[in-house]
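The values are calculated or read from the model by the stated rules, or taken from the named source; none is laboratory data. Please read these numbers as outputs of a predicted model, since none were measured by experiment. Neighbour counts run over all protein chains shown; Cβ positions are idealised from the backbone, glycine included. The area values use the complete protein model at the heavy-atom level, side chains included, leaving out ligands, DNA and RNA. Shrake-Rupley method; radii C 1.70, N 1.55, O 1.52, S 1.80 Å.
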Amino acid sequence: MVLKRLGLGDNESPRLSPNGRTRSAARCLAALTCVFALYAVGVYQDYFTGDDAFISFRYARHLSDGMGLVWNPGERIEGYTNFLWVLIIAGALRLGLPPEGTANALGIASGLGVLLILGLRAHRRGWGKPFFWLAPVALASSRSFTAWSTGGLETMFFSLLCFAGLVRFSDEHDRNSAWPWASAALLALATLTRPEGMLFASVSGCFLAVAVLLRRRSLGAALLWVSIYWVPVGSHLLWRHSYYGFWLPNTFYAKVPGTWWEQGAKYLMLFAGDYNALWFLPLVAAALLMRTDFTTRLFGVSTIAYLVYVASVGGDRFEFRFLVVILPYLFWLAAAGLEAVAEKGADRLTRPGFVWGAAAVLSAVVVLEIYSGSRDPAASKQRSGINSLEMIRDYARDRVEQGKFLRRLSDENILPEDVVIGVGGAGALPYHTDWTTIDRRGLNDLRIAHAKLETRGEIAHEREPSYEYLRERRVVMFDVLNRLVHRSLEPKSRLKGARLGGQELVVKAVRVEDAYLIFATFVDDEELGRIFSGLEIIH
């Protein structure tokens, strides 16, 4: 009932007898069960919690504890890009729920939601064209989709809101709805989850404006849609500017110093290669060229606009995280293109059954190519500065282990309760220690994020603080090796002569139990001795 009210249910299926509807529903349920089972296997294989998720968790915990949406107490810097997601995690913390499990449970549920919508819309096409299940099956078998249903980030929640919003917008258009509130509300929630939601809302708004100009939709319906979308989104923008002093998150200034088409092209080409895109992109093109229905046009324009955006900013450092959001549209368009080609072939041949059979076989081949491509072992390594899922998973585990170790030492008064540290991986380690933290990449630091960047480097890891700034902030431990806790002194020797901003770093090691803390420091020996009183400091 809820799905039907949102326009996502099976309310366009052909009129059938009661027995026919029962059989059709049973087949749909069986197919969805298979899709969900395939998805469950992938989630089980790919489950992880990434280090960056702990950035959101730290903001959420500080909000839950009454400190406000801050990274370091007293410093208002928007180092997250997922406002609504942080609020949800903060609410979970208030209820005593662990953020890691809560975030991944919501992500998995969101993935199921996307598959459910795709499956129901495939069912609406009728069982005479079973290859329309290409979209949900391909999606459920995609490693990027199943992996980023976990990870602890808002990726899949955002994808669900965008997809549900566009599906509902299409249904409202087809019905010429005078009360298009649902799509506006869903896209507003998407924008509050990630700023890119505004891109999908803008595309929808342009389609709505054209419909008004062509007198296919009323001006009143358009004004209602705009109002429902902009009241929460505009209110959040005003709050952001008043609270943080900027119209965009600090993460944008840190990560996007300008357009980077070359890196963006590499990102998209890696995706096309891993996913054997030559098997389904021609079908997507066929849909855009041969179909004229509103949904195809809406999905096509939205996908193209989003791909242009991704290419312009250089993509992302994490394996295809940015592209997960458009996978439902790509696979749906591939299925629509296959239908268009098959219909045209069936009209011209005397044996149309052969055409439909060939189309069904081709859809199976496309799914197998997507599955095998997404799980190519070659994708487990870093390429063009883009970290693989395996690298992300292993790094997060290591940072969690270090963070919990340091937290225990602090709780046992072996280490002080609060020191100033500088890190490259500003996630699990700062979350567990809750120490005042300077993120060397600038995500949570205004000075670093807004400094002029002379040359481009690794995507999202191009920022570096100045030596003088770290001295000014009195950073005690700077994990110049991207790791603080070591099992031997050997890594310290590798830092001999290490420099930052033209100045040689002062490297120290502190022995704690059977481990060594190895770091660059920006305080003098006297203060260092006071901070690590009773511990062996190795100069």
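From largest to smallest, the equivalent ellipsoid semi-axes obtained for segment 353-477 from the alpha-carbon gyration tensor read 44, 21, 10 Å. All other residues whose Cβ lies under 9 angstrom from that of A426 are scored, Lys and Arg at +1 and Asp and Glu at -1, for a net of 0. Relative to the dominant Cα principal axis of the chain, helix 389-411 is inclined by about 40°.
Largest to smallest in accessible area, the residues W181, W260 fall in the order W181, W260 (1.4 Å probe, all protein chains included). What residues from segment 485-513 fall in the zone where the backbone N is under 20 Å from a label point 7 Å along the Cα-to-C-beta line of E454? Residues 498-505 qualify, since their backbone N sits under 20 Å from the label point. Compute the acute angle (0 to 90°) between the alpha-carbon long axis of helix 197-213 and the principal axis of greatest extent of the alpha-carbon atoms of the chain; round to the nearest 10°. Its long axis makes an angle of about 30 degrees.
The base-10 log of I(q)/I(0) for segment 67-187, evaluated at q = 0.11, 0.18 Å⁻¹, reads -0.51, -1.03 [Debye formula, identical scatterers on Cα atoms, solvent excluded]. Compute the FRET efficiency between D514 and S466 as 1/(1 + (r/R0)^6), taking r as their Cβ-Cβ distance and R0 = 51 Å, and round to the nearest 0.05. Taking R0 as 51 Å, the efficiency between D514 and S466 is 0.90. Of all DSSP bridge pairs formed entirely within the chain, close to 65 percent run antiparallel. With all protein chains kept in place, the per residue accessible area of the chain amounts to 42 square angstrom at a probe of 1.4 angstrom. At an R0 of 51 angstrom, the distance between the Cβ atoms of Q503 and W239 translates into a FRET efficiency of 0.80.
If you model segment 179-282 as an ellipsoid using its alpha carbon gyration tensor, with each semi-axis the square root of five times an eigenvalue, the axes come out at 30, 24, 11 Å, biggest first.
For a modelled paramagnetic label at R494, 7 Å from Cα along Cα-to-Cβ, the residues of segment 501-532 in reach, with backbone nitrogen under 15 Å, are 516-520. Close amide H contacts of A498 (hydrogens built in the peptide plane, cut-off under 5 Å, sequence separation of 5 or more or a different chain): L505.
Counting every pair of alpha carbons in the chain, the share spaced more than 30 Å apart comes to 54 percent.
Shown here for segment 396-435: GluC sites (Glu not before Pro) in loop regions (DSSP other than H, G, I, E, B) with at most 14 other Cβ atoms within 10 Å, namely E412, E417.
Rolling a 1.4 Å probe over the protein heavy atoms of the chain, with every protein chain left in place, gives an accessible area that is 60 percent carbon and sulfur. With angles folded into 0 to 90 degrees, how steeply does helix 327-348 sit against the dominant principal axis of the chain? Use alpha carbons for both and round to 10. Relative to the chain, helix 327-348 is tipped by roughly 20 degrees.
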